[in-house]
Structure formats: structure tokens, C-alpha cells
Amino acid sequence: MGVSETKYVGVPKALEVEDSVPIVPVATAVDASGLDEHQSSFPTASKVGALDSRNKGLDQPDAQREDGITITWEKGEVQPSAYRDKWFAVAFIAHLVGVVGAAVALGPAAWNEIASSESDNGSDEVESDKDSEEMPPWQFWFAVLAIAMVTAPALSFVALTIMSRLPLFLIKASLWFSIVLCGLSALILMAAAPFAGIMYAVFTVCLVWYARSVQSRIPYAASNLKCGITVLKSNLGLGLVALGSMVGLLCYCFGWVSAFVGTMQLNVMKDSTTTNDEFSGEYNSQDQSDVSTVGGIVAFLFVLSFYWTHQVLKNVVRVTVSGVVGTWWFSPAEAGSFCSTAVAGSFVRSATYSLGSICFGSLIVAILHMLRDSLRRAQNDRNAGILRCIAMCILAYIERLVEYFNKWAYVYVGLYGYGYVDAGKKVINLFKTRGWSTIIADNLVNRLLGIMSLTIGLLTGVCSLFAAFLVEEFESKQGWVPIGFVVGFFVGLILSGVFMGLLSSAVDAFAMLR
């Protein structure tokens, strides 16, 4: 669809950016006979002066151009408040209660046994004392972590400001940066590994073709990026939701470890057998503890619980961001402060009405992830090794497809309150009508966000490196500086990833609305 200067009803004033990044709704030429006509509860973008079905009381969601092609706008309907896929939410909460109960009942005894076993090893204590003397003091860790935790959010906010002012330039720059990096890798590998160098050269040619083909999609991607940054800056309370999710995951990990260790030390989880020494022909009286069938099943459920909880916490944040974007799009006044009512309301809906849908999709991904990890651990077995490798590769691609599908489904869950299955149907219809345009725009934006996150991590590492150098000079010690850089890099990468993840979710939500 060509870009015009015509303004559209339903687009907030905050979205009217510079002429180089036009804000236009996305329309797709399709055959209206194959689509279900429905009236959205949300206002849809329409040309000023054109026939407005809502104002005239007509059921006419489609508009027809002079050339006879029917244009169908992507729309959704606000669902009534109800608990969707509630049985999955019940199962998730029940499993959390089980993990917490096991951690409280069995965890203390397990930790006491581990502590007592370590205290019996006197020599190990002497060695650990020597190692502790070589470790940096608390002043070093405090300086490095403090600098990193201040620098990373500050750089993230600066990055958001820069991206909001130069979205077109930065998306193009990130695209060509990937091409240059791939090309340099090809030149370097030509001498050391010719086959790898040729492969990188082929990738470089493909990237050049891709960059030339998506030039017309860059303004749309830049427009969505600018809108996402505007929402994120207006509702920085979303950062608290994301950080709260991380804290919740850390607390769950501690409880999970306590529950797992305590449960697996129960006698019913062990299979004690007496082994026969095949060389001497004598029986070995020492019992060798192995995991019993019940223990294997319980261990499987524990690992599944870990993956499931991680996916749920991550997707709660995504659904919350989508809900805030929807509120800001249609009621900007309700989503214009740090901890606005939109942030609180969207989070409550995600943790209540939509929790079952989130648990449903997260469970599918968790099962696929666990099956792939099981195949990876068993790939060293020589029996049917090739078949197992092929199965693992296929399962990995299926897992990535499901994760990509889920991320768009959760946008519909957050925007309109659909159940997981209904949201999945909307996603399928989305890709049928829009084709590759949504995927291309998502790829362009996420490439830039990944480069920004990596850059912030490196800069945070450099700042922590400087702090580590000062502490090391004060303490007259050597060898701590690299530790400071590594700690700062990972802290910067994690914290910037929080902000960039929120921005990515907001951009995806705008792709559904426009």
C-alpha cells in the first residue's frame, strides 16, 4: 500500500512523527468472500471523509478501492471479562503449591545434610580458605555491581532516546552492519577454513539481497519502533513488572532447588541394588544408589516445572505490555504516567483472566524444550545416533516455530482478552492476510534491539572495568580487572535485555493494531 499524507481517524496525535516515518494502518488486498465480517469493539483506522460504518450504523468493515480490490483491515474484538483456559491456570498454581510445599517440608533437612557433609572434609576447607584469600573483597564486588546497575539502565534510556529520534537510520545501519560483519568473517575464514569462508560469503550475498528487498518495509518497521518507544517511556512502570518477574524467577529457582534436592533424597526415589564384581566373581556388598522409576518420573516433572514456570513469568510480562499498548492506543490519558492505571490493570488481567491462556501456551513450549534437552543429553549414545540427531534438529525448529507463534498469540491475548486457541486462529489469519510483511518488520526491529543490547553490555563492562581498576590499585592487587569487565558485561546485558524485551513486545502489539 502506498504511503500518503492523508491523516487517519483513530491514530493518536503522539503517533504523528516526521514525514520520513509515516504512521499508516496496514491494509492487505484480499478476497472478502473468504473472510468473516465482524465489527470490532475497538475503533479502526479509516480515511477522513470516507464512509465510516460506525457513524452511519452500517455493517461495512471493508472498503473498496476504485480498482475493485477489497481492502480488509486487521481487527479484533474485545472479549468479556472471563477466566480463559482456567484449568491450565489451576494446574499451574497447584504445581507451584506442590513445589513450595516440598521446599518447606524437605528443603531444610537436605541443606543441613549437605552442610554436614562439607564440614566433614577438613582438607577441602583449608583449600577453600586459600581460594577465598585470592578472591576479591566485598568492596570490589560492591563497586563493580553498583557501577553496572547504574550504568546499564542509564545507557538503556539513552538508547531509547536515540532510537526514537533516528529510527530509520538505525534500522538501516543495523542491517548493513550485519552484512559488513558477515563479509569480514568470510574474508577472515577464507584463509583458515575455506569451506566456512565460502558459506559466510554465501550468507553475505543473501543478506545483501535481503537488505535490498526490504527497503520498502523499513519505514513501517521504524514507525512501529517509534510508537513502541513512546509507550515505554510513558509507562516506565512496565520495567518494574519485568524486574519483578526476574525476582520471582530467582525466588522460584531457590525454592525449586530446595524441593528437588530434598525430594530426590527420599528412599522411594532411590533404587538400591547389590552389584556383582564380574572380574573377581564376588559380590560387592556396597549398595549403589540409582534413581528408581518413581524417581525418574519425579525428576522429569521437576524439570518440566522449571521450564514451565520460566515461560509463564516471561509471557505474563509480554501480555501485560500488549495490554498497556492497547490502552494507550485508544485511551492515551489512562496510560501516560510511570505507574499508570493501564499498567496495573493490564498486569492484573494477565495474572487472572488471561493466566490460563498464558499457562496453556507456555506448557507446550516447556514440553518441547524438555524433549529437545533430553535428546541432547542422549546424543552421545552410539545407537541410532544419526536418527537422534535428526530428531533433535527437527524438534528444535518446531520449538522455535511454536515460540514465534506464541509471541503473536499472546499479543492478541493481551489486547483483546482471547483464549489461547482463539488467539492462535487470529495469528494464522494474520499471516494469511499480511504475508511476510509482519515477519520482516519484526526481524528488522529485533536485529536493531539485539545490537543495542550487546552494545550496552559492552559499554557497561568497560565502566565496570574502570571501577575494578580503581579498586585493584587501591588494594595493590592484580588479576581482578577482567572479573570486573565480565561481571559488568553480563549485568548490562541482562538489564538492557529487560528494556529491549519490553520494547520488542510493544512493537509487536503495534503490528497488530495498525
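The values are calculated or read from the model by the stated rules, or taken from the named source; none is laboratory data. Only a predicted model underlies this, so the values are computations on that prediction, with no experimental measurement involved. Cβ: placed from backbone, ideal geometry, glycine included. Neighbour counts: every protein chain shown.
Could you grab me the full set of residues in region 430-474 that are free of Cβ contacts under 8 Å to residues at least 40 places away in the same chain and acidic (Asp, Glu)?
Passing the criteria: only Glu473.
Across region 194-216, what is the total count of residues that are surrounded by fewer than 16 Cβ atoms within 10 Å (Cβ to Cβ) and farther than 18 Å from Phe177 by Cβ?
Total meeting the criteria: 7.
For region 316-338, which residues satisfy the criterion of being part of a loop (DSSP other than H, G, I, E, B) and under 22 Å from the mean Cα position of the chain (by Cα)?
None; the set is empty.
For residues that are of a type in the set (D, E, K, R) and crowded, with 23+ Cβ neighbours inside 10 Å, tally how many sit in region 309-335.
1
Starting from region 351-375, take each residue that is in a helix (DSSP H, G or I) and list its partners that are polar (S, T, N, Q), counting only C-beta distances under 6 angstrom and pairs at least six apart or across chains.
Pairs that qualify, where the first residue is in a helix (DSSP H, G or I) and the partner is polar (S, T, N, Q), are Ile358/Asn315; Gly361/Asn406; Ser362/Gln311; Ser362/Asn315; Val365/Gln311; Ala366/Gln311.
Output the residue which, of all residues in region 78-97 that are of a type in the set (Gly, Ala, Ser) and surrounded by 14 or more Cβ atoms within 10 Å (Cβ to Cβ), is nearest to Leu301 (Cα to Cα).
Within region 78-97, the first condition is being of a type in the set (Gly, Ala, Ser), and the residues that meet it are 81-82, 89, 91, 94.
Still in the list and also surrounded by 14 or more Cβ atoms within 10 Å (Cβ to Cβ): 89, 91.
Working: Ala89: 17, Ala91: 13 Å.
Among them, the one singled out is Ala91.
Just to verify a result, which residue in region 144-158, among those that are surrounded by fewer than 19 Cβ atoms within 10 Å (Cβ to Cβ) and closer than 12 Å to Gly488 by Cα, is nearest to the chain's Cα centre (by Cα)?
Step by step, filter region 144-158, then rank; the result is Met149.
Table: residues versus (1) at pLDDT 90 or above; (2) basic (Lys, Arg).
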{"residue": "Thr309", "(1), (2)": "yes, no"}
{"residue": "Trp328", "(1), (2)": "yes, no"}
{"residue": "Ala333", "(1), (2)": "no, no"}
{"residue": "Arg377", "(1), (2)": "no, yes"}
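Can you name the number of the only condition in (1) surrounded by fewer than 15 Cβ atoms within 10 Å (Cβ to Cβ); (2) without any contact (Cβ under 8 Å) to a residue 12 or more places away in the chain; (3) in contact with a helix residue (DSSP H, G or I) (Cβ under 6 Å, 6 or more places away or on another chain) that Phe338 fails?
Of everything listed in (1) surrounded by fewer than 15 Cβ atoms within 10 Å (Cβ to Cβ); (2) without any contact (Cβ under 8 Å) to a residue 12 or more places away in the chain; (3) in contact with a helix residue (DSSP H, G or I) (Cβ under 6 Å, 6 or more places away or on another chain), Phe338 misses just condition (2).
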